[in-house]
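Single-structure report; data block below.
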Amino acid sequence: MDTIDYTELESRFHCACQDVIGELSIQYKTNYHGTGKLETFFSLIQSEFERVVEIFSHSNNLAEDREAMRRIQAIAKEHAKKCVDDYGRVR
């Protein structure tokens with residue numbers, strides 16, 4: 001079994017999260033900006049980051065690697081929190 005390069009894995013996952021952030025920005029501008037649906041948008045943020053963790057872990061066969069899963073979940077949580085904080089200030 002090959003040893004996983006966690007630094008490279010984290011870098012690729014950060015890129016995946018940036019893609020999610022870009023998509024969320026488009027969603028916000030087209031569906032949520034100024035509509036008073038901020039709480040709904042926050043739920044969307046959470047579900048999108050949960051989805052990217054699931055897709056990334058599945059496509060990289062990480063389900064059995066606790067350390068990899070811990071790392072990508074921590075990164076997703078960090079990005080989701082930043083999004084909620086940033087969009088919470090937009091109001």
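The values are calculated or read from the model by the stated rules, or taken from the named source; none is laboratory data. Bear in mind the structure is a predicted one, so any value in this text is a computation, not a measurement. Using ideal geometry, Cβ is built from the backbone for each residue, glycine included, and neighbour counts are taken over all protein chains shown.
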Requested in this report: Considering only the stretch 31-81, state which residues are over 16 Å from the mean Cα position of the chain (by Cα), assigned to a helix (DSSP H, G or I) and free of Cβ contacts under 8 Å to residues at least 24 places away in the same chain.
Outcome: 31, 32, 39, 40, 66
Query raised in the report: Hey, any hits in the stretch 8-19 for a residue that's aromatic (Phe, Trp, Tyr), modelled with pLDDT of 95 or more and surrounded by 12 or more Cβ atoms within 10 Å (Cβ to Cβ)?
Result: yes
Query raised in the report: Which of the residues spanning the stretch 26-63 are more than 15 Å from residue 81 (Cβ to Cβ), of a type in the set (Gly, Ala, Ser) and at pLDDT 95 or above?
Result: 57, 59
